[in-house]
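The block underneath contains the structure these notes are about, expressed in structure tokens.
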Amino acid sequence: MKKAKTYKSEAFAAIHETAAGMYDAGVIDKQTMRSFDHSCLTLIHDFTPEQIRALREREEVSQSVFARYLNVSKDYVSKWERGEKKPAGPSLKLLSLVEKHGLEAIA
């Protein structure tokens, strides 16, 4: 099963899909494809507890509601905000999308 990609915009999606087709056809090399990946895909980064809290407060939702959007438990959000745990994998991707586009992007 192929993993869904999240692009910075529709234009970047079209550019990346074209480059992927060229890569599959052998027209461009792996290094060039990595460059397209870096340029077109939504980047993820680590979030500090303060950034997570600020992001949730910016969206004006409770920990419970925020957790529901991110498909995690309220306890996880609480632990992230206290620095006891760090988000990883899909949660980081969702947080990056919320940071850039708001909760509407993942609703």
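FYI, it's all coordinate maths here, none of it is from the lab. In this text the structure is predicted, and so the values were computed from the model without any measurement. Backbone-built Cβ (ideal geometry, glycine too); neighbour counts: all protein chains shown.
So here's what we get for this one:
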read-out	value
Orientation-averaged projected area, Cα convex hull of the stretch 1-50 (nm²)	4.8 nm²
Estimated vicinal HN-Hα couplings, Hz - the stretch 39-44 in sequence order (Karplus 6.51, -1.76, 1.60; Gly, Pro = x)	6, 9, 8, 5, 7, 10
Computed [θ] at 222 nm, helices only, for the chain once each DSSP H run of length n ≥ 4 contributes -39500 (n - 2.57)	-18500 deg cm²/dmol
Karplus-derived HN-Hα couplings along the stretch 91-97 (A = 6.51, B = -1.76, C = 1.60, θ = phi - 60°), whole Hz, x at Gly and Pro	5, 5, 4, 5, 4, 5, 5
Residue-wise HN-Hα coupling along the stretch 64-70, computed from phi with Karplus coefficients 6.51, -1.76, 1.60 (Hz; x: Gly, Pro)	4, 5, 4, 4, 5, 4, 8
By average C-beta atoms within 10 angstrom, highest first, the peptides 100-107, 23-30, 34-41	34-41, 100-107, 23-30
Read-out Cα extents along the principal axes in Å, derived from the coordinates shown; its label in (1) 36, 28, 22; (2) 42, 25, 22; (3) 48, 25, 25	(3)
Convex hull volume of the stretch 49-105 per residue (C-alpha atoms, cubic angstrom)	65 Å³
